[in-house]
1. Which whole-number percent of Cα pairs in the range 6-206 have a distance greater than 28 Å?
2. Which one, 91, 184, 174, has the greatest fluctuation when you compute a Gaussian network model over the chain with C-alpha springs under 10 angstrom?
3. Output the relative contact order of the chain, whole-number percent, from Cα pairs under 8 angstrom with separation of 6+ residues.
4. Report the full-extension gain for the segment residue 69 to residue 163: residue separation times 0.36 nm, less the Cα-Cα distance, to one decimal in nm.
5. Got a number for carbon plus sulfur as a percent of the chain's accessible area, 1.4 Å probe?
6. Find how much the distance from residue 197 to residue 58 grows on full extension, using 0.36 nm per residue of separation minus their present alpha carbon separation; answer in nm with one decimal.
7. Relative to the present Cα-Cα distance, how much length would full extension add between residue 34 and residue 177 at 0.36 nm per residue of separation?
8. Could you work out how far apart the two model spin labels at residue 129 and residue 48 are, taking each label as a point 7 Å from the Cα in the direction of the beta carbon, and quote it in nm?
Amino acid sequence: MQPGQFITLEGGEGAGKSTQLVRLVTRLRDGGREVVATREPGGSPGGEAIRELVLKGNADRWSPVTETLLMYAARRDHIERVIRPALERGAWVVCDRFSDSTRAYQGAAGGADPALIAALETFILEDTRPDMTLIFDLPVEVGLERAHARAGAEMRFESKGQAFHERLREGFLAIARAEPERCAVIDATGSLDEVEEAVWAAVWGRISVHG
Ligand code: T5A
């Protein structure tokens, strides 16, 4: 069992994860903890190089299976170089997307075989699994509108159709239903402050933030 806590933020496009990650990390650091804020795909130099490959270009540049393998190559590097060392020294790691994104994007929405993804989780993640996952949920149209409004975003996944994004939303909710002890669904339609309070309440409820 790793001494640090590993929290992941998940959800569809424009759900507000990146914005809330900053707020959550600030509150945790205010409590005196060492907190590593990171993201996927990316988070390590090798992971960021793979991010460039996988997020740029046409929507159909990579098949869902190839995407799965690229995401897991990036993830393994990120785990080895950033996540595992941080958890082992007792830091908390807060990560914008992780393995549930592969289950939802490449699996539920993209059609990659869940057995392939499960096997990669076994061999690549090993025991580096999130202690807690916040799943940001909001209607697809609202999320895509927000994502389009923000500047400098990579658009490859956002340019997939409405049906893809509906399957994605249901994919994340299915993960939350299957693993209720790990996952908390956050209603992401509220104001920034309302969502921040929902996130804090969920973290408080599942992990002793005094710990
Ligand atoms: N991917 C990733 C896979 O397919 N498989 C995988 O295994 C992994 C790890 C990452 C892409 O990679 C895919 C999924 C993604 O498509 P990215 O550019 O990092 O690409 O995209 P996202 O993680 O989706 O980031 P987004 O910016 O789209 O969404 P966020 O982080 O959820 O949203 P955020 O915080 O940037 O907010 C978006 C906009 O909405 C506003 C913000 O100010 C911002 O302008 N906003 C709100 N507005 C009103 N009310 C609120 N409560 C708001 N919260 C935020």
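1. Numbers: 4097 of 20100 pairs.
More than 28 Å apart: 20 percent of the Cα pairs in the range 6-206.
2. For the chain, modelled as a Gaussian network with Cα springs under 10 Å, the answer is 174.
3. Taking the mean separation of contacting Cα pairs over the length of the chain, I get 32 percent.
4. Numbers: separation 94, 0.36 × 94 = 33.84 nm, distance 2.34 nm.
Gain in length upon complete extension: 31.5 nm.
5. Values: 5270 of 9560 Å².
Carbon plus sulfur share of accessible area: 55 percent.
6. Numbers: separation 139, 0.36 × 139 = 50.04 nm, distance 3.74 nm.
Using 0.36 nm per residue and subtracting the Cα-Cα distance, I get 46.3 nm.
7. Numbers: separation 143, 0.36 × 143 = 51.48 nm, distance 3.10 nm.
Stretched fully, the residue 34-residue 177 segment lengthens by 48.4 nm.
8. Reported label-point gap for residue 129 and residue 48 is 3.1 nm.
The values are calculated or read from the model by the stated rules, or taken from the named source; none is laboratory data. What you see is a predicted model, and the numbers here were worked out from it, not measured in a lab. Counting neighbours? That spans all protein chains shown, and the Cβs are built from the backbone with ideal geometry, glycine included. Surface areas here come from the heavy atoms of the whole protein model, side chains and all, with no ligands, DNA or RNA. Shrake-Rupley method; radii C 1.70, N 1.55, O 1.52, S 1.80 Å.
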